[in-house]
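Reviewing the structure listed below.
The values are calculated or read from the model by the stated rules, or taken from the named source; none is laboratory data. Just so we're clear, the structure is a prediction, and the values are computed from it rather than from any experiment. No Cβ is skipped: glycine too gets one built from the backbone with ideal geometry, and neighbour counts run over all protein chains shown. Side chains included, ligands, DNA and RNA excluded: accessible areas come from the protein's heavy atoms. Shrake-Rupley method; radii C 1.70, N 1.55, O 1.52, S 1.80 Å.
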Amino acid sequence: MGDDHQQVPGGAQLHRNTLSRPVRTFRVKMVLLGSSGVGKSSLALRFVKDEFRNTSPTVGCAYLTRVVHLNHATLRFEIWDTAGQEKYHSVTPLYYRGAHAALLVYDISKRETFIRAQVWLKELQTHYIPGSTVIWLVGNKGDLEEVRQVSAQEGQNLADEKGLLFTETSALSGEQISELLLDVAHRVYECIGAQQGGLSEWQETPFVHMHHRNTSNPLASCCKVGP
Amino acid sequence: MDGGPQKPAVGWENGMLAPVDRLRTERADSPVPGLVEGTEPGAGQQSAMFVHAQSFEDLTAEAEEDVEREAELDESGEPSEDLKVLVGEETIEKQHNDDIPPERGTKEEDVSSEAWRSHRKHVFVLSEAGKPIYTRYGTEEALSSTMGVMMALVSFVEAEKNIIRSIHADGCKVVFLAKSPLVLVGVSRTCQSDKELLRELQYIYYQIVSLLTLTQLNHIFQHKQNYDLRRLLAGSEYLTDNLLHRLDRDPGLLLSAVTCLPLASSARDVVSASLQAAKAKNLVFSILLAGDRLVTLVRKKDQFLHHIDLHLVFNLVGSSSSSREGEGWTPICLPKFNTAGFFHAHISYLEPASELCLILVSTDREDFFNMSDCKQRFLERLSKRSAYQAMKEALKCPSYSVEQVGIPELRHFLYKSKSSGLYTSPEFPAIYQSDEEQERMMGLYQDLHSHLHHPTRPLRSFYRCSETENLLAWVTSGFELYLCFSPLGTKALAHSAVNKLLKWIRKEEDRLFILSPLTY
């Protein structure tokens, strides 16, 4: 044991780097949305550990962290990897409320997941304040080129039409993963970090309650949804 | 540990092992263990951790009650007891009891194939409208007509104001459990009794309820009788699959008990106290697991966790990989606690590669950061003591070998302390290492178990010889014991082994059981 900070993924890294670099660290809430089985958990695992393995369907939600260093700031991504299953949909607003970045993930080899991503977008748009959330359309499973059902052009068209950003990735091969995270980081920092109070600063303490007491509870809600 | 067996051997030599009713001696004075509930080895000191669970009777009792109630409704109806219908044409024509069919089938199986038919145990779940909800093997779509027939059978008997309980046909048992709005059907070629099969169906029912709550289930089917529940269960079938696998393999589910990580009581007490200190307003249960073994459980005062609910939590944690890297946060209904609402479980591993998993159960769905904070405080506290190291050491040998007991010819045993709801068991010896052998062994235990818990003629003890092993089962008001000896053992040897084993368990109980459960 000894150093508790190791418990938080990315936390240890944060410590080392913030000591050597006098840059401010901001918290970024990022949520992964999309149908069941499109690879949200695999993307999240790539983001935080750069690993791939077969995962079982997520129950409820998983919370992971990853620190990204930019030139002028450090961003601590707090990633909410939601379950794609329908029975958990009623709790999903807890996770995308107040998110700075939302990744709408679909599987390029399954058209229905692309359609589902558009439903998620509609739902997001009824909740978010324009300019407060960076929404990124992510076509995952780029390694399944031979059974592709959604062309990259279609993805790009949808993104252009709705004013989203778009990337195709492969969590299996790791292609475009770190680029995606870095792009999201830049975008979030430019669009939201520039605003006054757009991002809250990460207080370096081993206790989570210290910083979420200072800011609003990211899970706080004003309306009740089941279950 | 204040209540350990300090004073040995009062009456031990007298061989007072016959059940003595109402003999309520102090634990310390009673090294002749536990013929009376609460004094047996492994009995908790202060209070039980779980909802008081005599045995699996309370699990099947509900189903029985339903049946009885329904039966009472119609005086003129045939007695539903021993309803045996022969449906030779309906079920599988040929028996292959000797074949060992592939245990884990795939969903793509052809349901008309012989391989599909020869699975040892099928489980089907359907709605009252006859819509398929779950099948263990094959796909639900392919089985819609089969499930239609099942529902027709249920409705046909119901129309006569009666209830179909089982069909026995040519070595095959078909067991029905109607738990509105669901109907569960088990088809088994094993020698398990109806009651055992019913118990397993009950578990499956609770698994589904734990994902959705009964309130939601009722609500859905009241509004749309024809609803396809697979939509809501999509992505969770593996939980049911895994639970069925556990039912075949895990003695805890058979005994309605859980087993503990062997750990020095001093270390366990520190871990428990650290968990106790890391409390929060809405925290109801803190559970620390090492794989499938309980390290400790701290609960809110006056709130009890039922062993079924705990097994559902075990199944959830054991089946999902997503909390490995980060922290999981999921709604879960604990049906034995409350079928109407969700709790919210914070699931995380103490270290990424560790077996130690902490589950914090809160009543508030927005409590994630509070739970996360509780975990940090627990770790903080724990790291200051040596208990964490002791626990990690204990993880290296999460079980013990039967040789340590020192009883010749003894190969394996299961011992359950009734009052604490905990059991202990050594690891399977080398000859039972294969999956087939372990499942065969579990089958033997299940058979003993069903004799001891027979609905009308329960046995207190049972000795059975076979070519491959000799078995002894014994139940008192304090414990249940199942012993497996080599075929060279004798009955006299088996009986004398009981004394010796109980004495050994008494000596080791500090390590093998949780004797002083804590509350917030």
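List of remarks:
- Amide H contacts for A:GLU168 (H built 1.01 Å from N in the peptide plane; partners 5 or more residues away or on another chain; cut-off under 5 Å): A:GLY139.
- The label-point distance for A:GLN118 and A:GLN156, in a model that sets each label 7 Å from Cα toward Cβ, rounds to 1.9 nm.
- Between B:GLU114 and B:TYR238, the FRET efficiency from the beta-carbon distance, with R0 = 22 Å, is close to 0.25.
- At a probe radius of 1.4 angstrom, the accessible area of segment B:402-512 per residue rounds to 39 square angstrom.
- Global form of segment B:156-211, assessed from the alpha-carbon gyration tensor, a/c cut-off 1.5: oblate
- Accessible area, probe 1.4 Å, largest first, for residues A:VAL31, A:VAL119: A:VAL119, A:VAL31
- Label-point gap, in nm, between A:SER132 and A:GLU179 - each point 7 angstrom along Cα→Cβ: 3.2 nm
- Under 5 Å between amide hydrogens, built in the peptide plane, is the criterion, and for B:THR296 it picks out B:LEU288 among residues at least 5 positions away or on other chains.
- Candidate lysines for bridging to B:LYS281, where Cα separation is under 17 Å - those fewer than 8 sequence places away on the same chain excluded: B:LYS300, B:LYS301, B:LYS375
- Spatial separation of Cα centroids for segment A:68-90 and segment B:110-131, in angstrom: 41 Å
- For segment B:355-372, heavy-atom accessible area (probe 1.4 Å) falls by no less than 40 Å² from the chain alone to the full protein assembly at B:ARG365, B:GLU366, B:PHE368, B:PHE369.
- Backbone N within segment B:254-290 under 20 Å of label point (7 Å from B:LYS507 Cα along the Cβ vector): B:262-266
- Residue-by-residue Karplus 3J(HN,Hα) for segment B:430-447, coefficients 6.51, -1.76, 1.60, Hz, glycine and proline x: 3, 5, 10, 6, 6, 4, 4, 5, 5, 5, 5, 4, 4, x, 5, 4, 4, 5
- For trypsin sites (Lys or Arg not before Pro), the sites in segment B:185-249 that DSSP calls loop and that have at most 15 other Cβ atoms within 10 Å are B:LYS224.
- Between the C-alpha center of segment A:43-66 and that of segment B:419-474 there is a gap of 41 Å.
- Alpha-carbon centroids, segment B:368-401 and segment B:299-341: separation in whole Å: 19 Å
- With R₀ set to 56 Å, the beta-carbon distance separating A:GLU51 from B:ALA159 gives a calculated FRET efficiency near 0.45.
- The fraction of accessible area contributed by carbon and sulfur in segment B:397-520 is 56 percent, rounded to a whole number (1.4 Å probe; ligands and nucleic acids excluded).
- Estimated inter-spin distance, B:ALA353 and B:HIS454, nm [label 7 Å along Cα→Cβ]: 5.3 nm
- For segment B:355-365, 3J(HN,Hα) per residue [Karplus equation, 6.51 cos²θ - 1.76 cosθ + 1.60, θ = phi - 60°, Hz, x = Gly/Pro]: 7, 7, 10, 9, 10, 10, 9, 10, 8, 10, 6
- Efficiency of FRET between B:GLU436 and B:GLU403 - r from beta-carbon atoms, R0 25 angstrom, step 0.05: 0.60
- Reachable lysines from A:LYS141, criterion Cα separation under 30 angstrom, eight or more residues apart if same chain: A:LYS29, A:LYS40, A:LYS49, A:LYS87, A:LYS110, A:LYS122, A:LYS162, B:LYS107
- A cut-off of 5 Å between modelled amide H atoms, ignoring neighbours fewer than 5 places along the same chain, links B:TYR520 with B:ARG299, B:LYS300, B:LYS301.
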